[in-house]
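What follows is a single structure, written as structure tokens, with notes after it.
Bear in mind that the values in this text are calculations on the coordinates, not laboratory data. These numbers come from a predicted model, not from an experiment. Here the Cβ is made from the backbone with ideal geometry for all residues, glycine too, and neighbour counts use every protein chain on show.
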Amino acid sequence: MDRTERFYKIDQLLAEHRVVPFETLQSELEISRATLKRDLLYLRDRLNAPIVWDRKAGGYRYTGQTESGHARAGGQFDLPGLWFNDQEIHALLTMQHMLASLDQGGLLGPHVQPLMARLNGLMGTADDSAEEVRKRVRIIGVAARTMDLAQFERVGAALLRRKRLLITYHARGSNAVSEREVSPQRLVHYRGNWYLDAWCHLRKGLRNFSVDAIERAEILEKPARSLVEKTLDKVLGTGYGIFSGSRVQWARLRFSPERARWVVSERWHPKQKGHLEQDGAYLLEIPYADDRELIMDILKYGPDCEVLGPEELRQRVREQAAATLTLYRKAAAKRVHSRDPEL
């Protein structure tokens, strides 16, 4: 019988009997006195089990035990559905650390800290295990934007309550601020940032909003308009990236043999198509509705990525690359001039 089974057996015996002598527990579990003592201490000190030694009755019992059954005091202890060994607890600590590190907006930190403390308690090492994880696992968040926790909580509350929101929204592309009423449909976490898919009653269509760009959110006591998941996916989830659009085209990209060794393992879109060519190059086809984010990702690869089509996308990438090169040359010339004004 392993430790997990022993814990359940101890709980069962204490639940079925008002008092259980030490010898009875040892006999039922078929373990040594030292092992039984360790198990009882673990249940009491690590899992908060209200186990006490009743000297008068000559056995162990739960605090608040009655003849009709046991009542665990304070509601602080209950046997969970899963037990974890040391390796599993370390894995959970690592996942918690990764989650906290990826949570740049600090949305989950207050909620997962109690779990962290409990896991450390199970390990019996205070903060040692957590500190070791922090030293050995490093998550570097890049490009995640800060967000107002209060606004995020209102957005989430309206989404779950199926209520409309009145938001003040800063559209960074146009630098315009507008007030609009929306019906939240779903929250999407994408590349380190949160987005709200919602029906915009001002524009009378589906839109996605950067939650960090919502300057103010007010929950309205009006039922939200609900749309089926299939409609949301068709309008907002068909093309590449986070930007919406119903006119879907297919981009054909050719990556050099050197870069193909990385890209062949990357997942750009659930419906992507790709194959290696004889020279080792990789041909990738992906659907897109709005080319803004796609162009940014293409430009990251420089000459290692060639746009084969559509021609409109090819031209847009060419223009963006030329504009970027012009800015780079101007910046370089400015740096040279600042060092030697005669040039």
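Normalised by the number of residues in segment 149-236, what is the relative contact order in percent for Cα pairs under 8 Å and 6+ residues apart?
Taking the mean separation of contacting Cα pairs over the length of segment 149-236, I get 32 percent.
Relative contact order of segment 160-310, taken over Cα pairs closer than 8 Å and 6 or more residues apart, is 19 percent.
Give me the net charge for the shell around Lys222: Cβ to Cβ below 14 angstrom, other residues only, Lys and Arg +1, Asp and Glu -1.
My count for the surroundings of Lys222 gives +3.
Separation of the alpha carbons by more than 31 angstrom is noted, of Lys234/Lys300; Lys135/Lys334; Lys9/Lys56; Lys204/Lys271; Lys300/Lys334; Lys273/Lys300, for Lys135/Lys334.
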